[in-house]
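Asker: Pasting in a structure now, in structure tokens, and then I'll have a few things to ask.
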There are 2 protein chains.
Amino acid sequence: MAKENKGFVTHITPRSEDFSQWYTDVILQSKLVDYAPVRGCMVLRPYGYAIWESIQRVLDKRFKETGHENVYMPLLIPESLLLKEAEHVEGFAPEVAWVTQGGNDILQERLAVRPTSETMFCTMYSKWVSSWRDLPMKYNQWCSVMRWEKSTRPFLRTSEFLWQEGHTIHATLDEAQAETLQMLEIYRELAEESLAIPVIVGEKTQKEKFAGANSTYSIEAMMQDGKALQAGTSHNFGTRFAEAFDIQYLSKDGKLEYVSETSWGVSTRLIGAIIMTHGDERGLRLPPVIAPIQVQIVPIAQHKEGVLEACEEIANKLKSVGIRVDIDDRDTLSAGFKFNDSELKGIPLRIEVGPRDIEQDIITYFRRDTLEKGSFSKSLLLNNVSVLLNQIQKELYSQALKFRDERTADVFNMEELNNQVQIGFARAMWCGDVECEDKIKEETGATTRNMPFDQTPIGETCVCCGKKAKKLIYFSKAY
Amino acid sequence: MAKENKGFVTHITPRSEDFSQWYTDVILQSKLVDYAPVRGCMVLRPYGYAIWESIQRVLDKRFKETGHENVYMPLLIPESLLLKEAEHVEGFAPEVAWVTQGGNDILQERLAVRPTSETMFCTMYSKWVSSWRDLPMKYNQWCSVMRWEKSTRPFLRTSEFLWQEGHTIHATLDEAQAETLQMLEIYRELAEESLAIPVIVGEKTQKEKFAGANSTYSIEAMMQDGKALQAGTSHNFGTRFAEAFDIQYLSKDGKLEYVSETSWGVSTRLIGAIIMTHGDERGLRLPPVIAPIQVQIVPIAQHKEGVLEACEEIANKLKSVGIRVDIDDRDTLSAGFKFNDSELKGIPLRIEVGPRDIEQDIITYFRRDTLEKGSFSKSLLLNNVSVLLNQIQKELYSQALKFRDERTADVFNMEELNNQVQIGFARAMWCGDVECEDKIKEETGATTRNMPFDQTPIGETCVCCGKKAKKLIYFSKAY
């Protein structure tokens with residue numbers, strides 16, 4: 001393969017000139033990811049994978065706190081299982097990769113490389129459940145899935161991606177609904193509190209729901225080009241899969257009942273959301289909560305006596321309170337290059353340690369969020385770094401919220417809607433008919449994102465057909 | 001599928017009667033694993049997966065401490081990549097599962113579901129490396145791999161399994177060799193210190209090495225039926241793959257040189273090794289370091305006032321110092337059933353909390369390793385539980401070491417060798433010729449395990465042909 005460009009000069013296309021090229025420049029030059037020698041697949045490089053590990057750490061803890069257990073289900077799903085739920089297979093069959101040969105043998109039945117694992121979980125649940133005492137079962141798995149996509153972009157849409165998929169079964173519809181909403185709330189919390197990405201929380205329309213679900217809920221984020229990115233979904237299946245897979249239990253009253261089921265997932269797509277929410281002309285800007293490196297220490301005149309030792313001392317102090325810190329001590333690179341590199345990588349806080357800082361007993365820092373420099377007495381190191389990291393986390397969220405709010409407007413007719421979705425989100429009233437959804441998509445290129453939980457109406461008539469409106473809903477173009 | 005047996009009576013076949021059936025009984029009844037509706041695949045249930053998470057936690061920390069970074073490479077490998085290194089493809093082709101269709105299209109080139117990822121790492125390394133400054137690159141990934149095995153057993157040999165695969169490239173052969181041995185040592189440490197499994201550490205013969213490696217090293221454990229289980233391997237490829245994949249770098253002297261490469265891996269097979277090393281007639285016995293639950297609290301007469309509260313208090317104290325503890329408060333089951341269940345699950349320490357214990361302010365415990373009961377003053381809780389868990393860890397190792405040593409003997413002719421491999425490991429001198437390896441395998445069913453690092457000779461002639469011996473080596477039957 002062609003060698004990677006190792007030149008020291010990076011060039012990132014300005015966002016205003018070509019947002020899509022900016023995205024590609026940033027992900028490749030910050031070494032999050034690379035293209036793989038397989039159609040539509042990506043390689044997650046150490047820095048990209050470390051962000052995924054941060055997301056895993058936050059989410060896995062919350063899953064366990066809420067009583068979920070991790071399992072691992074087989075990668076390959078026999079075609080006959082996939083066929084059991086009609087709407088589900090219709091949704092996924094066009095994008096399945098099929099294993100047809102094992103060793104030198106042609107298989108009698110094709111095996112799907114899992115696009116999602118409802119059918120496998122249901123098969124096992126039907127074996128494991130017999131009484132109300134066995135319920136609920138709340139399982140999750142971290143794995144990769146495969147969807148044979150026609151056009152792909154790293155993180156946003158790839159033939160293979162990493163995700164978690166939770167699958168739970170419950171005695172009643174109410175419990176399943178409570179679970180569906182609880183997991184959606186955990187996703188909102190992840191997005192807003194850890195990734196510093198404000199999201200719209202609500203229910204998808206029947207047209208846009210998951211294949212086979214009764215109802216699908218989502219969190220929707222706005223990227224810097226005004227398009228939406230669906231950042232996580234939570235589905236309530238009711239008893240549909242239980243009926244298809246015969247998952248029944250003996251209730252307390254001694255009756256055979258079908259279980260109610262949910263599933264929910266987020267993927268490495270979230271990394272795309274982080275990049276396109278926070279990135280700027282210099283590269284990434286990572287929220288401290290999930291940044292693999294929170295503080296980058298850069299030695300100034302590192303050959304001078306005492307400089308590297310001072311860096312080590314500061315790093316060790318920060319490490320001792322759990323702050324993720326790195327010293328860039330590469331001896332063939334200038335401090336200026338290292339500054340650019342730490343900014344390209346979006347490291348929230350930089351500490352520059354030179355002879356003058358050491359002499360004056362001060363810490364000189366640079367904030368990636370505001371591009372501000374500052375300094376403080378070295379005795380305040382631990383307190384001030386913690387405070388700064390908190391401030392940076394909040395500032396990134398505020399900037400993103402301000403951007404989204406400025407690009408969101410209430411619209412009352414098709415012209416307003418069409419204008420608004422060129423730059424961001426349109427809030428509108430909708431009659432609930434799929435015909436209007438289809439017409440809006442055709443005429444404006446925008447799709448329905450979700451119906452927010454706060455349904456305070458902004459009008460009485462559908463933005464499209466003018467008939468009586470039933471729902472407040474968000475429209476936008478989307479990834 | 002047929003419902004799982006939910007009866008309260010478990011029956012485990014005695015080891016002496018049928019070791020293989022004992023193994024199956026234990027893994028299914030302790031709910032580590034279940035059979036999947038796909039040929040040769042397994043489902044890792046929560047308790048089984050939690051053991052894997054413990055192993056991951058221990059190993060991933062060591063990998064990072066020794067400068068390795070995690071990445072994720074694509075699942076599917078184009079056939080043309082697999083064909084680049086002749087010996088490698090010859091070794092793996094017969095057991096590859098092939099994707100031949102994507103969506104509705106027939107693929108022009110078959111894609112292998114990765115059996116191992118040397119070829120993918122090499123392809124990316126050839127793109128990423130250009131100068132000596134880029135070296136070493138030390139990457140690892142946690143993933144599943146697929147090998148289309150003819151006959152399978154959960155954990156030991158399955159068509160799909162979970163593992164980690166480390167792949168590193170270095171400037172010199174010496175550095176690659178040092179890395180190969182360092183990772184082998186980390187595996188030894190994992191096996192002996194965390195899993196309480198004594199292992200023989202050494203080099204595989206050319207016949208038994210990894211397809212495409214210059215040399216392969218392994219750790220070998222003895223199961224309770226006297227058979228060996230290869231529990232981890234570390235390979236030095238020299239420049240073989242670098243030549244096949246054109247991975248060159250510009251040295252400090254300005255010359256183009258090939259990199260030297262290693263790979264190393266352990267898998268969920270280790271869980272099989274834990275079971276078959278430590279298990280007994282009551283079920284599993286898990287070493288405290290990796291037990292998902294280290295202390296099982298069982299309430300006695302749990303309906304009585306104060307019992308559950310006392311359990312909670314003890315659990316919270318233990319949790320506060322990082323001990324993994326669970327209260328079995330299922331209200332439809334007897335204390336006796338819960339005792340059996342905690343023993344089946346191999347939980348290292350059980351604490352029984354009843355009205356008398358509360359009244360007398362004592363902790364009553366049961367050790368899973370020695371089956372001893374005891375009690376101590378409640379004021380000693382934290383100290384004594386820590387001490388007990390340490391003792392149990394050491395005791396399990398000692399028992400396994402004693403068993404292995406009793407079943408290991410030096411042999412000097414074919415008759416002795418044949419007798420010894422019926423019950424365990426035979427240490428013998430070997431001329432180094434594959435003909436003797438083949439003959440021994442044919443006549444006794446035993447294979448060479450490895451050549452231990454301590455090569456103090458026990459004789460001068462080959463156990464098989466009587467010619468001058470070159471190596472001390474272990475023979476045994478193996479999984």
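The values are calculated or read from the model by the stated rules, or taken from the named source; none is laboratory data. Computed from a prediction, not measured in an experiment: that's the story for all the values here. Because the Cβ atoms are built from the backbone with ideal geometry, glycine has one as well, and the counts that use them run over all protein chains shown.
Asker: Working carefully through the options B:THR364, B:THR408, find the one that is in contact with a Phe, Trp or Tyr (Cβ under 7 Å, 6 or more places away or on another chain) and among the polar types (S, T, N, Q).
Answerer: Criteria check complete, one pass: B:THR408.
Asker: Output the qualifying pairs, or none if there are none: Cβ atoms under 6 angstrom, residues six or more apart or on different chains, first residue in the stretch B:157-173 and closer than 30 Å to B:GLN248 by Cβ, second residue acidic (Asp, Glu) and buried (at least 19 other Cβ atoms within 10 Å of the Cβ).
Answerer: B:THR168/B:GLU179; B:ILE169/B:GLU261
Asker: Run down B:HIS88, B:HIS11 and say which single residue is farther than 18 Å from B:THR152 by Cα, more than 7 Å from chain A (Cβ to nearest Cβ) and free of Cβ contacts under 8 Å to residues at least 24 places away in the same chain.
Answerer: Step by step, each of B:HIS88, B:HIS11 is checked, and only B:HIS11 is farther than 18 Å from B:THR152 by Cα, more than 7 Å from chain A (Cβ to nearest Cβ) and free of Cβ contacts under 8 Å to residues at least 24 places away in the same chain.
Asker: Within the stretch A:131-149, take every residue that is of a type outside the set (A, V, I, L, M) and farther than 14 Å from A:VAL71 by Cα and give me the one that is farthest from the other protein chains (Cβ to nearest Cβ).
Answerer: Only one residue tops the list, namely A:PRO136.
Asker: Taking the criterion of being surrounded by fewer than 16 Cβ atoms within 10 Å (Cβ to Cβ) and within 14 Å of another protein chain (Cβ to nearest Cβ), would at least one residue in the stretch A:65-78 satisfy it?
Answerer: Looking through the stretch A:65-78, at least one residue is surrounded by fewer than 16 Cβ atoms within 10 Å (Cβ to Cβ) and within 14 Å of another protein chain (Cβ to nearest Cβ).
Asker: Can you name every residue in the stretch A:29-49 that is crowded, with 20+ Cβ neighbours inside 10 Å, more than 7 Å from chain B (Cβ to nearest Cβ) and either touching a helix residue (DSSP H, G or I) at 6+ places or on another chain (Cβ under 8 Å) or free of Cβ contacts under 8 Å to residues at least 12 places away in the same chain (or both)?
Answerer: A:SER30, A:LEU32, A:VAL33, A:GLY48
Asker: If I filter the stretch B:134-152 for residues that are part of a helix (DSSP H, G or I), over 19 Å from B:GLN230 (Cβ atoms) and at pLDDT 95 or above, do I get at least one hit?
Answerer: Yes - at least one qualifying residue is present in the stretch B:134-152.
Asker: Among strands (runs of 3 or more DSSP E) lying entirely in the stretch B:362-451, which contain 3 or more residues that are more than 30 Å from B:LEU318 (Cβ to Cβ)?
Answerer: So the answer is B:408-410, B:425-430.
Asker: Pick out the one residue from B:TRP52, B:TRP22 that is touching a residue at least 60 places away in the same chain (Cβ under 8 Å) and more than 13 Å from chain A (Cβ to nearest Cβ).
Answerer: Being touching a residue at least 60 places away in the same chain (Cβ under 8 Å) and more than 13 Å from chain A (Cβ to nearest Cβ) holds for just one of B:TRP52, B:TRP22, which is B:TRP22.
Asker: Another question, then. Scan B:GLU416, B:GLU406 and give me the residue that is over 25 Å from B:LEU32 (Cβ atoms) and loosely packed, with under 13 Cβ neighbours inside 10 Å.
Answerer: B:GLU406
Asker: Sticking with this one: When you look at B:VAL307, is it assigned by TED's automatic domain parsing to the domain that holds B:LYS378, more than 30 Å from B:GLN21 (Cα to Cα), over 32 Å from the mean Cα position of the chain (by Cα) and of a type outside the set (Asp, Glu), yes or no?
Answerer: Considered against the rule, which asks whether it is assigned by TED's automatic domain parsing to the domain that holds B:LYS378, more than 30 Å from B:GLN21 (Cα to Cα), over 32 Å from the mean Cα position of the chain (by Cα) and of a type outside the set (Asp, Glu), B:VAL307 comes out as yes.
Asker: Mind listing whichever residues of the stretch B:153-169 are in a strand (DSSP E or B), more than 8 Å from every other protein chain (Cβ to nearest Cβ) and buried (at least 21 other Cβ atoms within 10 Å of the Cβ)?
Answerer: B:PHE161, B:GLU165, B:GLY166, B:HIS167, B:THR168, B:ILE169 - these are the residues of the stretch B:153-169 that are in a strand (DSSP E or B), more than 8 Å from every other protein chain (Cβ to nearest Cβ) and buried (at least 21 other Cβ atoms within 10 Å of the Cβ).
Asker: May I pose another question? Filter the stretch A:92-130 down to residues that are within 7 Å of another protein chain (Cβ to nearest Cβ) and in a loop (DSSP other than H, G, I, E, B) and give me whichever is farthest from A:LYS150 (Cα to Cα).
Answerer: The extreme case among them is A:SER130.
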